[in-house]
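After the structure tokens below, expect a handful of questions from me.
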Amino acid sequence: MNKKITVIPGDGIGPEVIRSAIKVLDCIAAKFNHEFTYQYAKLGGVAIDEEGTPLPQRTIDLCKDSDGVLLGAVGGPKWDTLPGSLRPEKGLLGIRKALQLYANLRPVKAHKSLLDASTLKKEVVEGVDLLIVRELTGGLYFGQPQERRHEADGEAVVDTLYYKKSEIERIVKQAFELARLRNKKVTSVDKANVLESSRLWREVAVEVAGNYPDIELEHMLVDNAAMQLIRNPKQFDVVVTENMFGDILSDEASMLTGSLGMLPSASIGGDGPGLYEPIHGSAPDIAGKNIANPLATILSVAMMLRFSFHWIEEADAIEEAVTNVLEAGYRTGDIAEKGETILNTDEMTEKVLENIHLAITN
Ligand code: NAD
């Protein structure tokens with residue numbers, strides 16, 4: 001099959017980890033008789049430098065005209081002092097909005113061979129396999145008004161938490177669908193004891209659950225969820241929540257496994273392509289050194305094959321190769337323990353490629 005992928009390397013280590021991901025895609029194409037057409041686009045800092053805007057219209061057009069979008073990372077100190085509308089993050093928020101990607105999926109799976117990389121006790125982390133489903137296009141980050149005000153008694157500020165019922169329905173439904181493919185439990189996280197928006201969220205979750213009698217639904221207040229993620233993360237399967245709660249909880253959950261360099265993500269939901277990216281940023285401190293961990297981006301490719309193309313065998317091949325490489329003891333600097341041999345980005349990528357070849361040949 002032929003698929004068109006828009007590739008956005010971005011800034012910092014983005015281009016380095018994207019190079020690795022493309023090698024993996026080429027390997028999958030060769031092994032499974034597929035063909036990928038790549039079209040490259042600019043976003044973030046590099047787009048500001050070259051085109052004067054973090055999100056050029058051409059990037060939106062290319063993304064819309066593709067089957068999947070693969071993104072490295074954007075941002076860096078060079079652009080930190082620009083005004084808000086010109087910051088690299090605007091490009092990121094803008095492309096998600098333009099593609100109507102309302103669901104952000106972040107799987108967090110503890111790899112047996114990396115349990116020591118976590119700051120939590122081994123027995124707390126072992127066996128963790130959860131998926132955070134975050135609403136991505138509504139809530140506080142987009143509600144209007146969002147402004148500073150000069151009032152008679154001094155300066156004031158307002159952000160607006162706004163959701164349509166239909167926006168809550170579609171994300172909660174997405175979570176239930178995903179739970180069906182996993183361990184059949186949804187934890188809906190809200191702040192229903194305080195916020196009206198959360199009270200509607202909870203009502204909708206109950207309504208949607210009526211159509212999924214095979215899935216268990218539980219409600220959890222966000223403050224308790226933050227605590228439970230550290231105390232007993234194994235209790236979670238699919239966690240669904242609104243934009244800001246999801247932003248915070250997904251970063252917290254990502255730390256369960258100990259390394260940013262291991263975690264992929266997907267943003268899906270619109271009529272067009274999904275967007276796949278590692279959760280880490282552009283890591284300016286290690287950019288250009290060929291030492292970044294490419295596995296999060298490689299696992300993001302696996303998510304693209306699984307969720308956008310429904311190529312389960314191909315996605316499994318990548319995920320198994322990553323697990324095998326880790327179990328064989330190969331490490332990049334960010335996940336290495338004292339005394340372990342450290343591979344650079346290209347060497348780690350080669351190990352994954354060898355493993356995909358091996359798995360398919362056998
Ligand atoms: P970061 O994720 O870039 O880096 C945090 C730490 O983790 C650094 O020490 C970095 O070296 C390390 N790290 C991250 N990814 C790694 C990898 N693949 N392999 C090895 N080590 C890795 O977060 P930050 O330093 O807070 O942000 C740097 C820039 O990235 C900022 O401009 C920020 O706005 C941007 N950012 C972008 C995204 C995105 O594009 N989605 C996400 C977060 C941050």
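So which residues in the range 160-192 are under 15 Å from residue 245 (Cα atoms) and either over 24 Å from the mean Cα position of the chain (by Cα) or not assigned by TED's automatic domain parsing to the domain that holds residue 139 (or both)? Full working, then the answer.
Within the range 160-192, the first condition is being under 15 Å from residue 245 (Cα atoms), and the residues that meet it are 160-163, 168, 171-172, 187-192.
160, 192 - these are the residues of the range 160-192 that are under 15 Å from residue 245 (Cα atoms) and either over 24 Å from the mean Cα position of the chain (by Cα) or not assigned by TED's automatic domain parsing to the domain that holds residue 139 (or both).
Counting only residues that are part of a helix (DSSP H, G or I) and more than 15 Å from the chain's Cα centre (by Cα), which one in the range 231-244 is surrounded by the fewest Cβ atoms within 10 Å (Cβ to Cβ)?
The first filter runs over the range 231-244 and keeps only residues part of a helix (DSSP H, G or I), leaving 231, 233-235, 243-244.
Filter again for more than 15 Å from the chain's Cα centre (by Cα), leaving 231, 233-235.
Details: 231: 11, 233: 21, 234: 14, 235: 14.
So, considering only residues that are part of a helix (DSSP H, G or I) and more than 15 Å from the chain's Cα centre (by Cα), the one surrounded by the fewest Cβ atoms within 10 Å (Cβ to Cβ) is 231.
Report yes if residue 327 is closer than 20 Å to residue 344 by Cα, in the same structural domain as residue 15 (by TED's automatic domain parsing) and surrounded by fewer than 18 Cβ atoms within 10 Å (Cβ to Cβ), otherwise no.
When the stated conditions are applied, residue 327 passes them.
Being hydroxyl-bearing (Ser, Thr, Tyr) and either closer than 20 Å to residue 286 by Cβ or within 14 Å of the ligand (Cβ to nearest atom) (or both) is the filter here; which residues of the range 311-356 pass it?
Passing the criteria: 330, 332, 341, 345, 349.
Might you let me know whether the range 245-253 holds any residue that is in contact with a Leu (Cβ under 9 Å, 6 or more places away or on another chain) and near the ligand (Cβ under 7 Å from one of its atoms)?
So far as the range 245-253 goes, no, none of its residues is in contact with a Leu (Cβ under 9 Å, 6 or more places away or on another chain) and near the ligand (Cβ under 7 Å from one of its atoms).
Right, next: Based on what the data block shows, is residue 71 hydrophobic (A, V, I, L, M, F, W, C), within 13 Å of the ligand (Cβ to nearest atom) and either part of a strand (DSSP E or B) or out of contact with any helix residue (DSSP H, G or I) (no Cβ under 7 Å at 6 or more places or on another chain) (or both)? So that I can check it myself, show each step before the final result.
Values: hydrophobic (A, V, I, L, M, F, W, C): yes; within 13 Å of the ligand (Cβ to nearest atom): yes; either part of a strand (DSSP E or B) or out of contact with any helix residue (DSSP H, G or I) (no Cβ under 7 Å at 6 or more places or on another chain) (or both): yes.
Yes; evaluated as a whole, the condition is true for this residue.
Which condition from (1) within 13 Å of the ligand (Cβ to nearest atom); (2) out of contact with any Leu (no Cβ under 7 Å at 6 or more places or on another chain); (3) not in a loop (DSSP other than H, G, I, E, B) is the one that residue 60 breaks?
In the conditions (1) within 13 Å of the ligand (Cβ to nearest atom); (2) out of contact with any Leu (no Cβ under 7 Å at 6 or more places or on another chain); (3) not in a loop (DSSP other than H, G, I, E, B), residue 60 misses (1) alone.
Tell me which residues, restricted to the range 283-303, are within 19 Å of the chain's Cα centre (by Cα) and more than 27 Å from residue 356 (Cα to Cα). Steps first, please.
Of all residues in the range 283-303, those within 19 Å of the chain's Cα centre (by Cα) come to 283, 292-303.
The answer is 283, and nothing else.
State whether the residues of the range 99-110 include one that is farther than 27 Å from residue 306 by Cβ and either touching a residue at least 60 places away in the same chain (Cβ under 8 Å) or in the same structural domain as residue 18 (by TED's automatic domain parsing) (or both). Give the steps one after another, and end with the answer.
From the range 99-110, those farther than 27 Å from residue 306 by Cβ are none; that's our starting set.
No, because not a single residue in the range 99-110 is farther than 27 Å from residue 306 by Cβ and either touching a residue at least 60 places away in the same chain (Cβ under 8 Å) or in the same structural domain as residue 18 (by TED's automatic domain parsing) (or both).
How do the pairs read when you match residues in the range 320-346 that are closer than 20 Å to residue 263 by Cβ with residues anywhere that are of a type in the set (Phe, Trp, Tyr) and within 15 Å of the ligand (Cβ to nearest atom), using Cβ under 6 Å and keeping only pairs 6 or more apart or on different chains?
Close Cβ pairs (under 6 Å, with a partner that is of a type in the set (Phe, Trp, Tyr) and within 15 Å of the ligand (Cβ to nearest atom)) amount to 343/330.
Go through the range 87-169 and tell me which strands (runs of 3 or more DSSP E), entirely inside it, have 1 or more residues that are within 16 Å of the ligand (Cβ to nearest atom).
Details: elements: 103-109, 129-135, 143-151, 154-160.
Per the criteria, 103-109, 129-135.
Next question, about the same structure. Taking the range 20-47 as the search range and keeping residues that are touching a strand residue (DSSP E or B) at 6+ places or on another chain (Cβ under 8 Å) and in a helix (DSSP H, G or I), which one is surrounded by the fewest Cβ atoms within 10 Å (Cβ to Cβ)? Explain how you work it out, then say what you get.
Residues of the range 20-47 that are touching a strand residue (DSSP E or B) at 6+ places or on another chain (Cβ under 8 Å), as a first pass: 21-22, 25-26, 29, 34-46.
Okay, now just the ones that are also in a helix (DSSP H, G or I), so 21-22, 25-26, 29, 45-46.
Values: 21: 30, 22: 18, 25: 24, 26: 14, 29: 16, 45: 27, 46: 22.
Top of the filtered list is 26.
Could you pull out the residue among 55, 82 that is in contact (Cβ under 8 Å) with a residue 40 or more places away in the chain, within 15 Å of the ligand (Cβ to nearest atom) and not in a strand (DSSP E or B)? It would help to see each step written out before you state the result.
Values: 82 fails: in contact (Cβ under 8 Å) with a residue 40 or more places away in the chain.
The match here is 55.
A further question follows. For residues that are modelled with pLDDT of 95 or more and aromatic (Phe, Trp, Tyr), scanning just the range 268-310, find the one that is nearest to the ligand (Cβ to nearest atom).
Only one residue fits best here, namely 276.
Continuing with this model, one more query. Going by the conditions given, is residue 206 touching a Lys or Arg at 6+ places or on another chain (Cβ under 7 Å) and more than 16 Å from the ligand (Cβ to nearest atom)? Spell out the reasoning first.
Numbers: touching a Lys or Arg at 6+ places or on another chain (Cβ under 7 Å): no; more than 16 Å from the ligand (Cβ to nearest atom): yes.
In short, no.
The values are calculated or read from the model by the stated rules, or taken from the named source; none is laboratory data. If you're wondering where the values come from, they're calculated on a predicted model, not measured in any experiment. Neighbour counts run over all protein chains shown; Cβ positions are idealised from the backbone, glycine included.
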